[in-house]
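> Just passing along the structure, written as structure tokens.
The values are calculated or read from the model by the stated rules, or taken from the named source; none is laboratory data. All values reported here derive from a predicted model rather than from experimental measurement. Ideal geometry is used to build each Cβ from the backbone, glycine not excepted, and the neighbour counts take in all protein chains shown.
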């Protein structure tokens, strides 16, 4: 038998009382995947958590959004702590979230990517905001754990390079949920209490992605960006890249490398300066020697002496040459005239008169051209035979051709 | 140490080197060489004073007491 009917409001109020007084529902931890993610203009975040079969509406109030250690993203596996809340007007319930954490490394990567995209868009990584690291730091602030390996490495390296650089350590937590806030506060403290600092080295030694996570939180990036003092970020090992690395003015692969970037090698510089001074002196002395030499040469008496010397030298040289020509000349002329005689004899052999000397004659036709064949003539032709002492004018009586071999 | 002084070490070292270079040039006369030498030596003294040994302090900031202590 049913009771007397109740109003809708009364029913919802009743359900609300049941739900919200249940000890289990008042503090429940739920695992699920984020979906239907909506960032409301009020700052609150509405989303659903779902698994294979079911979903539940979730509400993350603005003040809790600010405390998030990561960027929420669709499809991200998370673990939410909260209580069940009934919305009377709509008769719907939701999980009112107090704490939200990513589940597992893969989801940290998603959170990392999301925050990186967001800050990149805002220009926090932009080159134009990067401050130059002074090349000659005298005061170095170190923001890190005071007990870690990083601080020891940094101090060791700085002391090996300089005996005049002051180091001030600003301790902070470098892992755990409070680390990001602690780092951020330390950066602000350096800016406030140690404005003389030339550079801040921010870092920690190696660790897992979870252990380095504080350096991937937005609050740290904001403090680095706001720092008036340039920041070198050195988190973990060479292969670890954090949001803090992207936001800082310089990234160092390791804390030791950060120390090298921050502090000049004063011991080496001292040697270099000394060398430069010695070389300046030497160059100056050389210059003076050179100028003195020049001056001496421009002095009239020195010039006369110099010219006399030059003249003597030139004279000797010329005389030497003449002598040489003379010596070589006599022998060469004799050799040359002998050569000419030889050539003359050869040429004479070729001369027609040389031939006639030996008793030969030269035959010319009527036109006076030299002919050497019987076939050049016919019977009755006139011809001339040149001999040594005169010419014979002849007429051809007969032609007897000889067969050629 | 402020930025101005920071820059001036690099500048001073550069000045020292440039002075030497200037004197080395063949067409630099006596007067100019002497002037370069004088300024070079001045840069040298500046470099040296900037590199002068100082007491190196290694401290840690105590947030609660808001002061620094020896590390």
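> On the given criteria, is residue B:69 under 30 Å from residue A:182 (Cβ atoms), surrounded by fewer than 17 Cβ atoms within 10 Å (Cβ to Cβ) and more than 8 Å from chain A (Cβ to nearest Cβ)?
Details: under 30 Å from residue A:182 (Cβ atoms): yes; surrounded by fewer than 17 Cβ atoms within 10 Å (Cβ to Cβ): yes; more than 8 Å from chain A (Cβ to nearest Cβ): yes.
Spelling it out, residue B:69 is indeed under 30 Å from residue A:182 (Cβ atoms), surrounded by fewer than 17 Cβ atoms within 10 Å (Cβ to Cβ) and more than 8 Å from chain A (Cβ to nearest Cβ).
> Answer yes or no as to whether residue A:262 is within 23 Å of the chain's Cα centre (by Cα), within 14 Å of chain B (Cβ to nearest Cβ), crowded, with 22+ Cβ neighbours inside 10 Å and within 30 Å of residue A:204 (Cα to Cα). Quick ask: steps written out before the conclusion?
Numbers: within 23 Å of the chain's Cα centre (by Cα): yes; within 14 Å of chain B (Cβ to nearest Cβ): yes; crowded, with 22+ Cβ neighbours inside 10 Å: yes; within 30 Å of residue A:204 (Cα to Cα): yes.
It is true that residue A:262 is within 23 Å of the chain's Cα centre (by Cα), within 14 Å of chain B (Cβ to nearest Cβ), crowded, with 22+ Cβ neighbours inside 10 Å and within 30 Å of residue A:204 (Cα to Cα).
> Please enumerate the residues belonging to the stretch A:213-244 that are more than 14 Å from every other protein chain (Cβ to nearest Cβ), touching a residue at least 24 places away in the same chain (Cβ under 8 Å), surrounded by fewer than 23 Cβ atoms within 10 Å (Cβ to Cβ) and part of a loop (DSSP other than H, G, I, E, B).
Those that are more than 14 Å from every other protein chain (Cβ to nearest Cβ), touching a residue at least 24 places away in the same chain (Cβ under 8 Å), surrounded by fewer than 23 Cβ atoms within 10 Å (Cβ to Cβ) and part of a loop (DSSP other than H, G, I, E, B): A:227, A:237, A:240.
> Can you tell which of A:280, A:303, A:293 is modelled with pLDDT of 80 or more, surrounded by 11 or more Cβ atoms within 10 Å (Cβ to Cβ) and in a helix (DSSP H, G or I)?
On the way: A:303 fails: modelled with pLDDT of 80 or more; A:293 fails: surrounded by 11 or more Cβ atoms within 10 Å (Cβ to Cβ).
Just one listed residue meets the conditions, A:280.
> Does any residue of the stretch A:144-154 turn out to be in contact with a strand residue (DSSP E or B) (Cβ under 7 Å, 6 or more places away or on another chain), at pLDDT 90 or above and in a strand (DSSP E or B)?
For the stretch A:144-154, residues in contact with a strand residue (DSSP E or B) (Cβ under 7 Å, 6 or more places away or on another chain), at pLDDT 90 or above and in a strand (DSSP E or B): present.
> Filtering the stretch B:3-62 down to residues that are in a loop (DSSP other than H, G, I, E, B) and within 23 Å of residue A:133 (Cβ to Cβ), which residue is farthest from the other protein chains (Cβ to nearest Cβ)? Full working, then the answer.
In the first step, residues of the stretch B:3-62 are kept if they are in a loop (DSSP other than H, G, I, E, B); the result is B:25-29, B:51-57.
Then keep just the ones that are within 23 Å of residue A:133 (Cβ to Cβ); that gives B:51-52, B:54, B:56-57.
On the way: B:51: 5, B:52: 7, B:54: 4, B:56: 5, B:57: 4 Å.
Going through the qualifying residues, I end up with B:52.
> So, of the residues in the stretch A:362-383 that are free of Cβ contacts under 8 Å to residues at least 12 places away in the same chain and exposed (fewer than 11 other Cβ atoms within 10 Å of the Cβ), which turns out to be nearest to residue A:398 (Cα to Cα)?
Taking the stretch A:362-383 and keeping what is free of Cβ contacts under 8 Å to residues at least 12 places away in the same chain, we get A:367, A:369-370, A:372-373, A:376.
From what is left, the residues that are exposed (fewer than 11 other Cβ atoms within 10 Å of the Cβ) are A:367, A:369, A:372-373.
On the way: A:367: 20, A:369: 21, A:372: 16, A:373: 14 Å.
Among them, the one singled out is A:373.
> Let me ask you something else. Hey, does the stretch A:200-211 have a residue that's in a helix (DSSP H, G or I), within 13 Å of residue A:70 (Cβ to Cβ) and away from chain B (no Cβ under 14 Å)?
Let us first name the residues in the stretch A:200-211 that are in a helix (DSSP H, G or I), namely none.
Checked the stretch A:200-211: no residue is in a helix (DSSP H, G or I), within 13 Å of residue A:70 (Cβ to Cβ) and away from chain B (no Cβ under 14 Å).
> Further, regarding this structure: Looking for something within 34 Å of the chain's Cα centre (by Cα), in a loop (DSSP other than H, G, I, E, B), touching a residue at least 24 places away in the same chain (Cβ under 8 Å) and at the interface with chain B (Cβ under 8 Å from one of its Cβ atoms) - is there at least one such residue anywhere in the stretch A:165-180?
Looking through the stretch A:165-180, at least one residue is within 34 Å of the chain's Cα centre (by Cα), in a loop (DSSP other than H, G, I, E, B), touching a residue at least 24 places away in the same chain (Cβ under 8 Å) and at the interface with chain B (Cβ under 8 Å from one of its Cβ atoms).
> Would you check which residues across the stretch A:141-164 are closer than 23 Å to residue B:63 by Cβ, surrounded by 23 or more Cβ atoms within 10 Å (Cβ to Cβ) and at the interface with chain B (Cβ under 10 Å from one of its Cβ atoms) and list them?
Scanning the stretch A:141-164 gives A:141, A:142, A:143, A:151, A:158.
> Can you tell me how many residues within the stretch A:11-26 are outside any loop (DSSP other than H, G, I, E, B) and surrounded by 10 or more Cβ atoms within 10 Å (Cβ to Cβ)? So that I can check it myself, show each step before the final result.
Let us first name the residues in the stretch A:11-26 that are outside any loop (DSSP other than H, G, I, E, B), namely A:11-21.
Now drop any that are not surrounded by 10 or more Cβ atoms within 10 Å (Cβ to Cβ), which leaves A:11-20.
Summing the residues that are outside any loop (DSSP other than H, G, I, E, B) and surrounded by 10 or more Cβ atoms within 10 Å (Cβ to Cβ) in the stretch A:11-26 gives 10.
> For residue A:106, state whether it is farther than 14 Å from residue A:68 by Cβ and either within 14 Å of chain B (Cβ to nearest Cβ) or part of a loop (DSSP other than H, G, I, E, B) (or both). Step through it out loud before you land on a result.
Values: farther than 14 Å from residue A:68 by Cβ: yes; either within 14 Å of chain B (Cβ to nearest Cβ) or part of a loop (DSSP other than H, G, I, E, B) (or both): no.
No; evaluated as a whole, the condition is false for this residue.
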